[in-house]
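Below you'll find the structure, written out as structure tokens, and then a few comments.
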Amino acid sequence: MANARERLEHLLKQPANKFCADCGTPDPKWAALPFGALICIKCSGTHRSLGVHISKVISVNLDEWTDEEVNCLSGSGGNAAVNTRYEAFLPENYKKPRQDCSTEERSNFIRKKYELQQFVTDPQFSCPLRLNNKHTADKHHHQQNSTVRHGFGHPFRNSWKRKETDQKGLKKMTDVGMVEFVGLIKVNIRRGINLAVRDVMSSDPYVMLNLGHQSMKTKVIKNTLNPVWNEILMLSIPHPVPSLKLQVFDKDTFTSDDRMGEAEVDIQPLISAAREYENSGITDPLEVSKWLVGEDGTLSKDSIISVVDGKVKQEIMLRLQNVEQGELEIELECVPLSQ
């Protein structure tokens, strides 16, 4: 019996699956579940901005596919069937986006096609469907559960303000969807060290990531101040590039989760390094730049951006801010657009 990867490779060879379901870009490397659509990296950014309760985005090459995810892609019938279903009543005069379209055109179309489902039913007889029922939201929620030189600037800031964590009014989804994405970043949340006590003797910590309008969190590790996550989370990088914000919380059952510190990282230096070395052909390990432990207290040890096996990575040991104690070890990797 074929495994998940073999079945996926077979599906990718179907003629309609060799082009992005939304804009027609050749050789799509991403999938939008549960729709079962294969999409390009530019469209994947817009799908991510819709939220995981609407469209869960996974990589053909970078993610390990489960049988359930392959079944979803197979059960959809491929891009031809997806477009037959979700573009059934696309107006004759409607201009479907192409690979060189503007960010606004791409975002408007994807929202109408998947979130609002405006082309699923005949507008003369039915109102547009919305993919926001409780069953679907719960299903998707269940599915989505590491002194300076060299010219890149200092990537660490102790400028997290508590008031920034409070929403200052919700952004319209149209504004979020029109964000231009310039790449992807893999965040490996490795471990926490000597975290703060928030329960009687220990804590149940997890990490929340924020990059622009995107938020993701790790699993909860029960009853420990030295949790080991080794959990990789992937986010799209919007333009202009915001700081990556990390918050550690103690999970509580009956009350709101307690804060266990936060940190903020400027990922622009990593992106700049990735752009410079993406096509360099370097195979031997190379140190690109180093940030030394400074007086601001944001680093527990020197941080290095390096090229390893052709991948641009950054090792970071952060000292958590606005808390009595605790460190967080992470690794960042900038993923080339070609992947």
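How many residues does the stretch 60-78 contain that are among the charged types (D, E, K, R) and not in a loop (DSSP other than H, G, I, E, B)? Spell out how you get there, then give the answer.
Of all residues in the stretch 60-78, those among the charged types (D, E, K, R) come to 63-64, 67-69.
Narrowing further to those that are not in a loop (DSSP other than H, G, I, E, B): 67-69.
Looking only at that region, the number is 3.
How many residues does the stretch 1-32 hold that are open to solvent by 60 Å² or more (accessible area, probe 1.4 Å), assigned to a loop (DSSP other than H, G, I, E, B) and under 16 Å from GLU64 (Cα atoms)?
Qualifying residue count for the region: 1.
Find the residue count for the stretch 284-322, including only residues that are surrounded by fewer than 16 Cβ atoms within 10 Å (Cβ to Cβ) and in a loop (DSSP other than H, G, I, E, B).
13
If you take the residues of the stretch 204-220 that are under 14 Å from ARG191 (Cβ atoms) and touching a Ser or Thr at 6+ places or on another chain (Cβ under 9 Å), which of them is most open to solvent (accessible area, probe 1.4 Å)? Before the answer, list the steps.
Initial filter on the stretch 204-220 (under 14 Å from ARG191 (Cβ atoms)): 205-207, 218-219.
Those still in the list that are touching a Ser or Thr at 6+ places or on another chain (Cβ under 9 Å) too: 205-207.
On the way: PRO205: 0, TYR206: 15, VAL207: 0 Å².
Checking each candidate, the answer is TYR206.
Residues PHE35, PHE109: which one is out of contact with any strand residue (DSSP E or B) (no Cβ under 8 Å at 6 or more places or on another chain) and either open to solvent by 10 Å² or more (accessible area, probe 1.4 Å) or outside any loop (DSSP other than H, G, I, E, B) (or both)?
Numbers: PHE35 fails: either open to solvent by 10 Å² or more (accessible area, probe 1.4 Å) or outside any loop (DSSP other than H, G, I, E, B) (or both).
The conditions single out PHE109.
When only residues in the stretch 200-223 that are closer than 18 Å to ILE330 by Cα and in a loop (DSSP other than H, G, I, E, B) count, which is farthest from the chain's Cα centre (by Cα)?
So, considering only residues that are closer than 18 Å to ILE330 by Cα and in a loop (DSSP other than H, G, I, E, B), the one farthest from the chain's Cα centre (by Cα) is ILE221.
Within the stretch 190-199, which residues are over 16 Å from GLU329 (Cα atoms) and crowded, with 18+ Cβ neighbours inside 10 Å? So that I can check it myself, show each step before the final result.
Our first condition is that a residue be over 16 Å from GLU329 (Cα atoms); within the stretch 190-199, this holds for 197-199.
Hit for the stretch 190-199 is ARG198, nothing else.
Please state which one of LEU62, LEU50 is within 14 Å of ILE110 (Cα to Cα), under 13 Å from the mean Cα position of the chain (by Cα) and at pLDDT below 90.
Values: LEU62 fails: within 14 Å of ILE110 (Cα to Cα).
Of LEU62, LEU50, the one residue that is within 14 Å of ILE110 (Cα to Cα), under 13 Å from the mean Cα position of the chain (by Cα) and at pLDDT below 90 is LEU50.
Any residue in the stretch 198-224 that's closer than 15 Å to GLY261 by Cβ and aliphatic (A, V, I, L, M): show its pairings with residues that are open to solvent by 40 Å² or more (accessible area, probe 1.4 Å) and at pLDDT below 90 at Cβ separation under 9 Å, as long as the two are six or more apart or on different chains.
MET208/SER215; LEU209/SER215
Please count how many residues of the stretch 19-47 are among the charged types (D, E, K, R) and at pLDDT 95 or above.
Taking the stretch 19-47 and keeping what is among the charged types (D, E, K, R), we get 22, 27, 29, 42.
Add one more test, that the residue is at pLDDT 95 or above, and what stays is 22.
Final tally of qualifying residues: 1.
Can you pull out the residues in the stretch 224-243 that are open to solvent by less than 70 Å² (accessible area, probe 1.4 Å) and over 21 Å from the mean Cα position of the chain (by Cα)? Steps first, please.
Going residue by residue through the stretch 224-243, those that are open to solvent by less than 70 Å² (accessible area, probe 1.4 Å) are 224-225, 227, 229, 231, 233-238, 241-243.
Listed by number, the residues that qualify are THR224, LEU225, PRO227.
(1) under 26 Å from HIS47 (Cβ atoms); (2) open to solvent by 70 Å² or more (accessible area, probe 1.4 Å); (3) modelled with pLDDT of 90 or more: which one isn't true of LYS251, the others all being true?
So LYS251 meets the others, but not (1).
In the stretch 254-304, how many residues are more than 21 Å from LYS217 (Cβ to Cβ), at pLDDT 85 or above and hydrophobic (A, V, I, L, M, F, W, C)?
Within the stretch 254-304, residues that are more than 21 Å from LYS217 (Cβ to Cβ), at pLDDT 85 or above and hydrophobic (A, V, I, L, M, F, W, C) number 11.
Report yes if some residue within the stretch 51-59 is under 21 Å from LYS112 (Cβ atoms), in a strand (DSSP E or B), touching a helix residue (DSSP H, G or I) at 6+ places or on another chain (Cβ under 9 Å) and open to solvent by less than 30 Å² (accessible area, probe 1.4 Å); otherwise report no. Show your work before the answer.
If we filter the stretch 51-59 for residues that are under 21 Å from LYS112 (Cβ atoms), which is where we start, we get 51-57.
Now drop any that are not in a strand (DSSP E or B), which leaves 56-57.
From what is left, the residues that are touching a helix residue (DSSP H, G or I) at 6+ places or on another chain (Cβ under 9 Å) are 56-57.
Of the ones still in play, those that are also open to solvent by less than 30 Å² (accessible area, probe 1.4 Å) are 56-57.
Yes - at least one qualifying residue is present in the stretch 51-59.
The values are calculated or read from the model by the stated rules, or taken from the named source; none is laboratory data. Computed from a predicted model, the values in this text were never measured in an experiment. As a convention, Cβ positions derive from the backbone with ideal geometry for all residues, glycine included, and neighbour counts pool all protein chains shown. Calculation scope for accessible area: heavy atoms of the full protein, side chains included, ligands and nucleic acids excluded. Shrake-Rupley method; radii C 1.70, N 1.55, O 1.52, S 1.80 Å.
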